[in-house]
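Following: one structure in structure tokens, then a few remarks.
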Amino acid sequence: MRKKIVAGNWKMNKTLHEGIELAKTINRQVEENEVIVVLCPPFIHLSGVAGIITKDSLFAGGQNCASEASGAYTGEVSAEMIRSAGADYVIIGHSERRTYFNESDEIVNKKVKLALANELTPIFCCGEVLAERQAGKHIQIVKSQVEKGLFDLSPEDFGRIVIAYEPVWAIGTGVTATAEQAQEMHKMIRDHIAEKYGNTVASNTSILYGGSCKPSNARELFLNSDVDGGLIGGASLSASDFMGIVNAILDK
Ligand code: 13P
């Protein structure tokens, strides 16, 4: 059975003190059940956040990692460092990285491999922009991102991937994909994985939805058969909103 996962991507928000306080509150409130909860703070907070976690179902993750293993790359943070800070997960290929930092599918693919080599679970992001959806190209775009980012992995390595479908037009806009739009894309991704890696790998892959997910719409999104949880931005900055979303998946 695939895992239910709710991950909070704090993006570039919270001072160190605020971040630690938020993580402490969430750590207190997380219940030990089948839902995996992941906190992805800024790098500088990562070891502090990882250090306060006492719940078996709560994990820390990075928001990105370098595309090189180590060396003279001023300002970069490697997958090995992220692992050594106490993280178990790392978000890779977020649309903000792809757009503002020019991350190509090839760079994203290198990062996925470095994450896997360092015992991190990649949360691989994909998603179309509005113009691509309006042009009817959204399926083709997401298929291509998944193929180029992931399809040269061995079946064993692919089995360690979590996918997050985040339609770019829904990120931070307050406009959420409808339950039908999310389910259509998640099913397409799962079918595409099945064609490449077989039904067992596909049905074991957790596919999360991201984009203006809130306590008020999370349940409707999560009830879809191919939506296995969420990657949450803005609403992960408040413990009560985030926990509302975590609890929404228990109804699934
Ligand atoms: P919002 O939940 O703020 O739309 O952000 C989603 C996201 O980008 C999570 O990675």
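Go through the range 110-132 and count every residue that is open to solvent by 40 Å² or more (accessible area, probe 1.4 Å) and of a type outside the set (A, V, I, L, M, F, W, C). Steps first, answer last, please.
Here is the first cut: in the range 110-132, the ones open to solvent by 40 Å² or more (accessible area, probe 1.4 Å) are 110, 113, 117, 119, 129-132.
Within this subset, residues satisfying the condition of being of a type outside the set (A, V, I, L, M, F, W, C) are 110, 113, 119, 132.
Adding up the residues that qualify gives 4.
Quick one: in the range 197-212, of everything that is assigned to a loop (DSSP other than H, G, I, E, B) and open to solvent by 20 Å² or more (accessible area, probe 1.4 Å), which residue is nearest to the ligand (Cβ to nearest atom)?
Of all residues in the range 197-212, those assigned to a loop (DSSP other than H, G, I, E, B) come to 198, 205-206, 210-212.
Filter again for open to solvent by 20 Å² or more (accessible area, probe 1.4 Å), leaving 198, 212.
On the way: GLY198: 29, SER212: 4 Å.
Per the criteria, the residue is SER212.
Go through (1) closer than 23 Å to LYS4 by Cα; (2) outside any loop (DSSP other than H, G, I, E, B) for ARG160 and report which single condition fails.
(2) is the only condition that ARG160 fails.
If PHE101 satisfies all but one of (1) of a type outside the set (Asp, Glu); (2) open to solvent by 30 Å² or more (accessible area, probe 1.4 Å); (3) away from the ligand (no atom under 16 Å from the Cβ), what's the number of the condition it fails?
Single failed check for PHE101: (3).
What is the residue count in the range 181-191 for residues that are open to solvent by 50 Å² or more (accessible area, probe 1.4 Å) and within 16 Å of the ligand (Cβ to nearest atom)?
Going through the range 181-191, the residues open to solvent by 50 Å² or more (accessible area, probe 1.4 Å) turn out to be 181, 184, 187, 191.
From the residues that got through so far, the ones that are within 16 Å of the ligand (Cβ to nearest atom) too are 181.
Final tally of qualifying residues: 1.
Among the listed residues ALA177, ALA194, which satisfies the condition of being open to solvent by less than 20 Å² (accessible area, probe 1.4 Å) and either in a helix (DSSP H, G or I) or not aromatic (Phe, Trp, Tyr) (or both)? Walk me through it before giving the result.
On the way: ALA194 fails: open to solvent by less than 20 Å² (accessible area, probe 1.4 Å).
One residue alone meets the criteria, ALA177.
I want to confirm something. Restricting to the range 234-252 and keeping residues that are touching a Pro at 6+ places or on another chain (Cβ under 7 Å) and closer than 20 Å to GLN183 by Cα, which single residue is nearest to the ligand (Cβ to nearest atom)?
Only one residue fits best here, namely ILE245.
Whether any residue in the range 43-57 is of a type outside the set (Phe, Trp, Tyr) and modelled with pLDDT under 95 is what I want to check.
First, pick out the residues of the range 43-57 that are of a type outside the set (Phe, Trp, Tyr): 44-57.
Pick out the ones that are also modelled with pLDDT under 95 and you get none.
No, there is no match, as no residue in the range 43-57 is of a type outside the set (Phe, Trp, Tyr) and modelled with pLDDT under 95.
Under the condition of being open to solvent by 10 Å² or more (accessible area, probe 1.4 Å) and either within 18 Å of LEU39 (Cβ to Cβ) or in contact with a strand residue (DSSP E or B) (Cβ under 6 Å, 6 or more places away or on another chain) (or both), which residue from the range 76-93 is farthest from the ligand (Cβ to nearest atom)?
SER84
With respect to the numbered conditions (1) open to solvent by 10 Å² or more (accessible area, probe 1.4 Å); (2) in a strand (DSSP E or B); (3) touching an Asp or Glu at 6+ places or on another chain (Cβ under 9 Å), which one is the sole condition not fulfilled by ILE5?
Checking ILE5 against (1) open to solvent by 10 Å² or more (accessible area, probe 1.4 Å); (2) in a strand (DSSP E or B); (3) touching an Asp or Glu at 6+ places or on another chain (Cβ under 9 Å), the one that fails is (1).
Mind checking which residues of the range 13-53 are open to solvent by less than 10 Å² (accessible area, probe 1.4 Å) and part of a loop (DSSP other than H, G, I, E, B)?
Matches in the range 13-53: VAL30, PRO41.
If ARG28 passes every condition in (1) touching a residue at least 12 places away in the same chain (Cβ under 8 Å); (2) farther than 25 Å from GLY159 by Cβ; (3) basic (Lys, Arg) but one, which one does it miss?
(1)
Just need a number here: residues in the range 213-233 that are within 16 Å of the ligand (Cβ to nearest atom) and surrounded by 20 or more Cβ atoms within 10 Å (Cβ to Cβ).
Let us first name the residues in the range 213-233 that are within 16 Å of the ligand (Cβ to nearest atom), namely 213-222, 227-233.
Cutting the leftovers down to surrounded by 20 or more Cβ atoms within 10 Å (Cβ to Cβ) gives us 213, 218, 221-222, 227-233.
The total comes to 11.
The values are calculated or read from the model by the stated rules, or taken from the named source; none is laboratory data. If you're wondering where the values come from, they're calculated on a predicted model, not measured in any experiment. Methodologically, a virtual Cβ is constructed for each residue, glycine included, from the backbone with ideal geometry; neighbour enumeration extends over all protein chains shown. Just the protein is used for accessible areas: all its heavy atoms, side chains included, with ligands, DNA and RNA removed. Shrake-Rupley method; radii C 1.70, N 1.55, O 1.52, S 1.80 Å.
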